[in-house]
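Report on the following structure.
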Amino acid sequence: MTRSRIFLIAPLLVFLAGAYLVPFLGVMRWSVTLPQPGFGQYAVALSDPLVLGVIWRTVRICAMVTVISVVLAYAITLVWVRGAPVTRMVIELCILIPFWISVLTRAFGWLALLSNRGLINTLAQDLGLWAEPLTLVRNEFGVIVGMVHFLVPFAVFPLASAMRSVDERVLLAARGMGASRARIFWQVFVPMTKGGIFGATLLVFVFSIGFFVTPAILGGGRSVMVAELIWLRIFQSPDWGLGAAISVILMAGIGILLGLTMKYAKGSGK
Amino acid sequence: MIRFRPSLLATVVAALVAVFLLMPLIAVIPVSFTPTRYLAVPDGEYSLRHYRAILENPAWLQGIWLSIRIGFAASLIATLLAAGFSLGIWMLQPRFAGVYMGLAMVPMVAPPVVSALTLYFFLTSLSQVNGVVAYDTFWGVVMAHVVMIAPFAVVLLTVALGQVDRRIDLAARSMGAGLATRVFRVILPNIRFGLITAFFLTFVLSWEEIGVTLFITSVNAVTLPRLMWMGLRDNIDPAIAAISVVLIAIVVAAVLVRTAVELRQRRNTN
């Protein structure tokens with residue numbers, strides 16, 4: 001009886017072990033054997049100014065993207081959860097439609113808007129706002145805009161579940177004691193949704209760190225982030241050892257971040 | 001009952017965020033009718049040449065057909081593996097359920113670029129022993145996609161199972177139902193919507209997968225996203241605009257139909 005049920009659980013785990021965990025060990029082996037055995041590639045990764053610069057840029061861009069995404073998502077979620085019924089439906093469509101559309105189409109949409117012959121520059125030049133096209137894409141600005149656009153819908157879901165579980169009576173009690181609307185929002189509602197804010201922040205940050213497609217298309221090779229650096233080291237200037245070492249560092253970083261969060265979440269009794 | 005509606009300021013900010021989310025999707029529409037061979041906004045003259053290019057260029061049609069087949073195979077395998085796994089965890093409640101669950105989630109939380117490199121290692125290693133499940137082959141891409149999408153199916157099916165009343169299963173068991181009867185005639189019918197959703201979501205995820213696909217294909221298994229990627233990197237091909245418009249139209253139609261069905265259901269239950 002028990003054995004037959006183990007045959008339900010086992011296939012997926014065996015498959016993932018074979019197709020993911022063992023190959024990841026292989027990547028780790030690359031990182032300490034290519035081009036020669038030892039931890040030389042880790043030393044390079046953690047001292048080479050180019051690699052460090054890319055890591056620093058990645059963390060900086062991802063931090064900015066995370067803050068902007070969570071703030072924008074908070075506003076739209078607030079209206080999605082607490083707005084009038086019709087408003088709610090319109091907002092829901094505005095969140096779901098981009099959510100289901102592929103990252104490539106969305107990145108292309110930003111190219112169509114922001115590039116030199118794109119919608120914004122064409123319109124502004126026709127109206128005489130500026131004469132020469134502004135460089136809005138193929139730089140850090142384009143990367144941040146594209147990443148925020150991709151990540152806002154992901155931040156919405158944890159925020160929505162936190163906002164839905166806010167007890168309306170607490171807000172009424174605050175009003176009963178004479179708090180203004182602004183005060184109810186900032187000192188009662190926002191603190192009550194802080195679990196959702198925390199979850200959304202973590203989710204968006206973890207997602208953004210390994211981003212490859214959006215920065216590669218909208219950054220145009222000028223603002224390389226960690227994921228694109230790994231791609232370049234594997235496929236352009238074959239340096240598999242370094243690419244593998246950066247991957248292992250990235251994986252460890254995400255693992256530590258998630259581990260700490262889980263510990264914190266448990267510690268605070270959530 | 002919601003007593004506090006969002007303030008005017010919050011509504012205005014949410015509307016701006018909604019515009020931000022939809023803007024790039026709308027921007028591709030005019031660009032797709034440009035008569036030029038480069039990305040530009042049509043200047044009074046419109047053309048369908050880029051839509052014709054999709055229909056006439058066999059590469060696009062082959063890419064679309066390949067992506068459909070890969071998506072179908074990968075989502076079928078992923079849903080089956082995930083269904084077995086989630087059912088096993090739900091029925092058996094093993095002591096290390098959390099650990100198994102964590103293992104199954106690894107490809108979802110790991111940075112996509114690390115997963116891509118890992119699967120690249122997996123498939124290039126397999127290439128040395130066989131030509132079927134290998135680098136740049138149909139089954140190679142299918143297997144890599146299964147790794148990436150199965151965790152999402154596990155999440156959906158675990159949520160669906162969480163809503164099933166255990167007493168139904170207990171009743172079936174106490175009346176002498178065997179394992180097969182319990183699974184196929186009691187539990188699975190109760191989570192059929194979860195199964196359909198899991199299949200559909202994993203299909204879409206495979207259909208638009210690009211981060212991993214870039215690492216594990218080169219010239220043979222060219223999926224639609226891979227083709228789009230090639231047309232986006234250097235000289236932007238406006239055919240991407242045409243294909244994007246088609247993809248966006250499909251998503252908008254699907255989301256609208258779903259919303260309409262939901263509305264009707266809600267009206268019927270009221």
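The values are calculated or read from the model by the stated rules, or taken from the named source; none is laboratory data. Bear in mind that the values here come from a model prediction, so they are computed numbers and not experimental data. Glycine also receives a Cβ, built like all others from the backbone with ideal geometry; neighbour counts cover every protein chain displayed.
Quick notes on this structure:
- B:Val142 vs. criteria part of a helix (DSSP H, G or I), crowded, with 20+ Cβ neighbours inside 10 Å and hydrophobic (A, V, I, L, M, F, W, C): yes
- Screening A:Ala162 against (1) within 13 Å of chain B (Cβ to nearest Cβ); (2) more than 17 Å from the chain's Cα centre (by Cα); (3) free of Cβ contacts under 8 Å to residues at least 60 places away in the same chain leaves a single unmet condition, (1).
- Residue that is more than 14 Å from chain B (Cβ to nearest Cβ) and under 22 Å from B:Pro111 (Cα atoms), where the choices are A:Leu16, A:Leu52, A:Leu12: A:Leu52
- Scanning the stretch B:110-139 for residues that are within 14 Å of A:Phe235 (Cβ to Cβ) and surrounded by fewer than 20 Cβ atoms within 10 Å (Cβ to Cβ) yields B:Thr124, B:Asp136.
- Segments classed as helices (runs of 4 or more DSSP H), wholly inside the stretch A:1-90, with at least 2 members that are among the charged types (D, E, K, R): A:2-16, A:49-82
- Condition broken by B:Ala241, with the remaining ones in (1) over 17 Å from the mean Cα position of the chain (by Cα); (2) part of a helix (DSSP H, G or I); (3) surrounded by fewer than 13 Cβ atoms within 10 Å (Cβ to Cβ); (4) within 10 Å of chain A (Cβ to nearest Cβ) satisfied: (3)
- Condition met for B:Ser7 (in contact with a helix residue (DSSP H, G or I) (Cβ under 8 Å, 6 or more places away or on another chain) and more than 7 Å from chain A (Cβ to nearest Cβ)): no
- Condition met for B:Val164 (out of contact with any Cys (no Cβ under 9 Å at 6 or more places or on another chain), more than 26 Å from A:Phe205 (Cα to Cα) and in a loop (DSSP other than H, G, I, E, B)): yes
- Taking the listed residues B:Val222, B:Val245, the one that is modelled with pLDDT of 90 or more, β-branched (Val, Ile, Thr) and not assigned by TED's automatic domain parsing to the domain that holds B:Phe122 is B:Val245, with no other qualifying.
- Filter pass, B:Ile29 being in the same structural domain as B:Leu201 (by TED's automatic domain parsing) and either modelled with pLDDT of 90 or more or assigned to a helix (DSSP H, G or I) (or both): no
- Among the residues of the stretch A:215-251, the one identified as crowded, with 19+ Cβ neighbours inside 10 Å, among the polar types (S, T, N, Q) and out of contact with any Ser or Thr (no Cβ under 9 Å at 6 or more places or on another chain) is A:Ser223.
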